[in-house]
Amino acid sequence: MDYFNPLPLHIVHHQDCYGLPYKPINKGDINIVGGGLRLACSSGVGTLYDFDEQNSIEITEDIIFVGHISSVCWGHTITDSTARLWWVANNKHAKLRILPIFYISETPLCGNYLEFIKLLGIPENHLHRLVDITHFHSVYLPDVCFDNHRVSLKFSKEYVSLINKVLNHRSKIPLPKKIFLVKKNSRRQICS
């Protein structure tokens, strides 16, 4: 409970924003991942980079921006990737469920990573990977319910609700009678 954040979360409505797709950026000796949402005030979410506003596509409808969704690491999928998805477990925000959801990722969501997001009740056809620089006229940006980018990790009650939603949905899926796990290049094995 040392990491619990009791403050309420919000969804902020922004206008005139630019979505920047995933892009590897070389800063001297360091390679970083670029991509995010530049707000009208030139601040933003994610790692922003220079771009030409004239070469952007336009989206005039309301959208939800959820930032980076990992499609290569389970730990980041369960924490960072779901950080802005808490509203799907909250009936108060039911009207947002019909809006398109834009995310950033190196590759499209697929396999078990996509299945995890679908366990939250998000239909696949609502998910849109940002692949072009995009001018959004209207963006809903949820606060994060799990934050590991500050000095101390923080999570909110909404994060707990989100994980519980996955666990409750998961219980409806039939499981195999036996599971065999083996770690590559290891003599240790786990049998169930």
Check on Tyr113, modelled with pLDDT of 90 or more and under 13 Å from the mean Cα position of the chain (by Cα): no
Whichever residue in the range 50-104 is of a type in the set (Gly, Ala, Ser) and within 14 Å of Ile11 (Cβ to Cβ) and, among such residues, is surrounded by the fewest Cβ atoms within 10 Å (Cβ to Cβ): Ala94
Within the range 94-109, tally of residues that are in a loop (DSSP other than H, G, I, E, B) and either under 20 Å from Val45 (Cβ atoms) or more than 14 Å from the chain's Cα centre (by Cα) (or both): 5
Any hit, the range 12-31, residues being part of a strand (DSSP E or B), charged (D, E, K, R) and farther than 17 Å from Ser138 by Cα: yes
In the range 1-12, the residues that are open to solvent by 50 Å² or more (accessible area, probe 1.4 Å) and in contact with a Cys (Cβ under 8 Å, 6 or more places away or on another chain): none
Subset of the range 110-125 [open to solvent by less than 10 Å² (accessible area, probe 1.4 Å) and outside any loop (DSSP other than H, G, I, E, B)]: Ile117
Of residues in the range 13-49 being open to solvent by 60 Å² or more (accessible area, probe 1.4 Å) and of a type in the set (Lys, Arg), the one nearest to the chain's Cα centre (by Cα): Lys23
Scope the range 38-82; condition under 19 Å from Pro100 (Cβ atoms), of a type in the set (Gly, Ala, Ser), touching a helix residue (DSSP H, G or I) at 6+ places or on another chain (Cβ under 9 Å) and not in a helix (DSSP H, G or I); matching residues: Gly67, Ser71
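The values are calculated or read from the model by the stated rules, or taken from the named source; none is laboratory data. Since the structure is predicted, the reported quantities are computational estimates derived from the model, not experimental observations. Glycine gets a Cβ as well: all are built from the backbone with ideal geometry, and neighbour counts include every protein chain shown. Note: areas computed on protein heavy atoms with side chains; ligands, DNA, RNA excluded. Shrake-Rupley method; radii C 1.70, N 1.55, O 1.52, S 1.80 Å.
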